[in-house]
């Protein structure tokens, strides 16, 4: 392994090394720790200008319930779930289909279709902003959940197709030859060969798509101006403007909106990392 | 009907499978992008009729001082963001030791990446706060007064980019950690026998093996830099006086806030052309690697 590993027989050096790395980590996360500290501080401390001393009490519960009772964050949170979950499911279904065809069927234009899925995924959002906004206005879905669900499903299908195509292309070809030899139709091959085998890829993809969609801010601002459909990201940006003096509340709200993707990440870290690094390394 | 279906089903099925994804992606993403390019040749307030404007939106852009400020800031973003791959590699090397407890340390290093950019923006707005922020506290400790970074036209962009680098470094770190785990052990061992170490080892033995990871890390960093919008919106709204604006945010301001959709589309078109160069380079390399691999 590179860099050279500390030898097993040197526990003291190992602890020393871990200690120094932890110190670097502490500095790395310092801005985040500052927000966490502020989020558990009583409002009285904030009013008195005491931001960094030892808190006069721990208002963890009061501040975090305050986020839901004094601000519309509860509504935003629910909106985010209503937008994100159907989008993720849509992305998984569409990309399994496109990935299967693009990886297992040779036809003219295959590479071009694939390249457009990848390239489109890197476009700046602003180049599609005006027409997408108009499209939702024309369809009468502007400022509804459906507008965001449709956009996110469409956009994430680009990245997801790249992901699924590469995963299915790496499956052993004999499986598909056997299915064909048995006279299985493409639909049967999809249901009995592809779907059971792509489950790990779907797990990785669902976490990534969830994180991307949950964290989206631009489309939330463009397509959902009203509080009734606004997701957490746009909601937090609003709170920051409205509750200028209530940093304990804003801090707690920041932590609240980070919790779902952070929890998913911790529980399914291996899938998340494998998903993100796919293409960077083999296997 | 039935026999027709039977005869053609071997290619009809794939078409049916492809259709929903392709129609949705083309209908929403590809068509919209093309339509924006067309809108950039019109004058339009978003409600009334569109009037043909020829190149006048682009001519106006060339005479707009804000355009040059935004473009300059985009370049600052791009240049400063190039620090993300080497910093990510440095942290990846630091944590690539098999010690009990290191796994938790690694995942905590990823934390900024998992958070939304809006949350990162709020975190850093608080960090930079000139009266109560942590940075102010550090300055006070050494007996100086903290600068109000986010309201200083000279420093505001640099301050926002530093905040944006935080998750970007985490992203590069994940990529390099995966790369380090896939190194060819026998080459490393052979180089060690030959006495290679330190910088020489990294430069001539390890980095050549990380070429693919390097490419991806640089590509995502370039795209990330040019896409910057969220942090600017949350931390500065492009201010003070447009000094931290970038093309992506200026476009949004001009369309959604000033109702100048044609002009906004022209700004988006410029951003698109800049990005298209990188996207073409990325696609070219990626498809070539694919062909070589297959």
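The values are calculated or read from the model by the stated rules, or taken from the named source; none is laboratory data. As the structure is a computational prediction, the values presented were derived from the model and not from experiment. All Cβ positions, even for glycine, are placed from backbone atoms using ideal geometry, and neighbour counts span all protein chains on display.
Brief remarks follow.
- Within the option set A:25, A:16, being under 30 Å from residue B:178 (Cβ atoms), at pLDDT 85 or above, in a helix (DSSP H, G or I) and touching a helix residue (DSSP H, G or I) at 6+ places or on another chain (Cβ under 8 Å) holds for one residue only, A:25.
- Selection within region A:195-238 - out of contact with any helix residue (DSSP H, G or I) (no Cβ under 9 Å at 6 or more places or on another chain) and part of a helix (DSSP H, G or I): A:196, A:199
- Qualifying position, being surrounded by fewer than 16 Cβ atoms within 10 Å (Cβ to Cβ) and in a helix (DSSP H, G or I), among B:94, B:12, B:18: B:12
- Residues located in region B:212-245, provided they are farther than 30 Å from residue B:179 by Cβ and buried (at least 22 other Cβ atoms within 10 Å of the Cβ): B:232, B:233, B:234, B:235, B:236, B:238, B:244, B:245
- Here is the figure for region A:130-149: residues that are at the interface with chain B (Cβ under 7 Å from one of its Cβ atoms) and under 23 Å from the mean Cα position of the chain (by Cα) total 1.
- Some residue of region A:55-74 being at the interface with another protein chain (Cβ under 9 Å from one of its Cβ atoms) and either more than 25 Å from residue A:164 (Cβ to Cβ) or in contact (Cβ under 8 Å) with a residue 60 or more places away in the chain (or both): no
- For region B:132-155, the tally of residues that are part of a loop (DSSP other than H, G, I, E, B), closer than 20 Å to residue B:237 by Cα and out of contact with any helix residue (DSSP H, G or I) (no Cβ under 7 Å at 6 or more places or on another chain) stands at 5.
- Counted residues, region B:83-114 - those being within 7 Å of chain A (Cβ to nearest Cβ) and either over 19 Å from residue A:261 (Cβ atoms) or within 15 Å of the chain's Cα centre (by Cα) (or both): 11
- Looking only at region B:254-294, and only at residues there that are more than 22 Å from residue B:218 (Cα to Cα) and exposed (fewer than 15 other Cβ atoms within 10 Å of the Cβ), the one that is farthest from the other protein chains (Cβ to nearest Cβ): B:258
- Picking from residues in region B:184-208 that are facing chain A (nearest Cβ under 9 Å) and either under 27 Å from the mean Cα position of the chain (by Cα) or part of a helix (DSSP H, G or I) (or both), the one that is surrounded by the fewest Cβ atoms within 10 Å (Cβ to Cβ) is B:185.
- Filter result for the condition that a residue is within 30 Å of residue B:52 (Cα to Cα), out of contact with any strand residue (DSSP E or B) (no Cβ under 8 Å at 6 or more places or on another chain) and assigned to a helix (DSSP H, G or I), over B:267, B:223, B:232, B:216: B:267
- All positions within region B:16-42 that are more than 24 Å from residue A:147 (Cα to Cα) and over 30 Å from the mean Cα position of the chain (by Cα): B:16
- Selection from region A:20-40 of residues that are more than 10 Å from chain B (Cβ to nearest Cβ) and farther than 17 Å from residue B:129 by Cα: A:23, A:27, A:40
- For region B:21-51, filtered to residues that are more than 7 Å from every other protein chain (Cβ to nearest Cβ) and in contact with a helix residue (DSSP H, G or I) (Cβ under 6 Å, 6 or more places away or on another chain), the residue that is surrounded by the most Cβ atoms within 10 Å (Cβ to Cβ) is B:40.
- Filter result (facing chain A (nearest Cβ under 7 Å) and in a helix (DSSP H, G or I)) within region B:115-124: B:117, B:118, B:119, B:122, B:123, B:124
- Residue count for region A:252-283, restricted to those that are assigned to a helix (DSSP H, G or I) and facing another protein chain (nearest Cβ under 7 Å): 11
- Residue list for region A:207-249, filter: within 8 Å of chain B (Cβ to nearest Cβ) and modelled with pLDDT under 90: A:240, A:247
- The single condition among (1) within 23 Å of the chain's Cα centre (by Cα); (2) within 12 Å of chain B (Cβ to nearest Cβ); (3) not in a loop (DSSP other than H, G, I, E, B) that residue A:189 does not satisfy is (1).
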